[in-house]
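What follows is a set of notes on a single structure, which appears directly below.
The values are calculated or read from the model by the stated rules, or taken from the named source; none is laboratory data. Quick caveat, the model's predicted, so the values are computed rather than measured. FYI the Cβ positions are ideal-geometry reconstructions off the backbone, even for glycines, and counts take in every protein chain you see. Please note that ligands, DNA and RNA were not included when accessible areas were found on the heavy atoms of the full protein model with its side chains. Shrake-Rupley method; radii C 1.70, N 1.55, O 1.52, S 1.80 Å.
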Amino acid sequence: MALVKAGVVVLDCAEPEKLAEFYKGLLEAEETDVTANRVEIRSADGTRLAFRRDANATPPSWPRPENSLQAHLDFLVDDLDEAERRVVGLGGRPVDTKGAVGPHEERGYADPAGHSFTLRRTPSTAPKQG
């Protein structure tokens with residue numbers, strides 16, 4: 001029997017209800033647990049996030065060095081432009097949207113509370129033509 005049944009990434013923030021709304025919209029998720037100081041959501045693919053109230057939460061300042069990146073989330077998407085429009089429409093902001101060097105095309109963002117996350121285009125699995 002496994003000791004740990006499931007993991008949940010928990011982000012500290014001043015307003016968990018508002019941050020949960022952002023991620024519910026981004027992940028097309030639903031609330032699964034709500035208390036006075038915590039909101040948990042789950043997407044259709046099983047991604048679980050929770051947002052815990054911390055009145056003294058200080059958002060990371062990445063990419064600036066002071067109070068730099070503490071942790072960030074990666075989300076795989078098929079269409080970076082479409083995903084970016086959704087992020088911005090939900091209240092997120094671009095942090096680093098320059099083309100990344102390497103096998104994956106990715107762009108950096110911050111959620112409304114300042115937590116960093118990356119949208120990464122999923123590489124095609126189709127065989128090369130020609």
Within the stretch 23-54, the residues that are touching a strand residue (DSSP E or B) at 6+ places or on another chain (Cβ under 6 Å) and either closer than 16 Å to Arg86 by Cβ or open to solvent by less than 40 Å² (accessible area, probe 1.4 Å) (or both) are Tyr23, Lys24, Ala29, Val39, Glu40, Ile41, Leu49, Ala50, Phe51
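Per-residue answers, yes or no, for (1) among the small types (Gly, Ala, Ser); (2) in a loop (DSSP other than H, G, I, E, B); (3) modelled with pLDDT of 80 or more:
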{"site": "Glu66", "(1), (2), (3)": "no, yes, no"}
{"site": "Asp81", "(1), (2), (3)": "no, no, yes"}
{"site": "Val87", "(1), (2), (3)": "no, no, yes"}
{"site": "Gly99", "(1), (2), (3)": "yes, yes, no"}
{"site": "Gly102", "(1), (2), (3)": "yes, yes, no"}
Would you mention how many residues in the stretch 29-42 are part of a loop (DSSP other than H, G, I, E, B) and modelled with pLDDT of 95 or more? 1
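Can you report the number of residues in the stretch 5-15 which are open to solvent by less than 80 Å² (accessible area, probe 1.4 Å) and over 14 Å from the mean Cα position of the chain (by Cα)?
3
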Criterion first (touching a Gly at 6+ places or on another chain (Cβ under 9 Å) and at pLDDT 85 or above) does Arg52 satisfy it? no
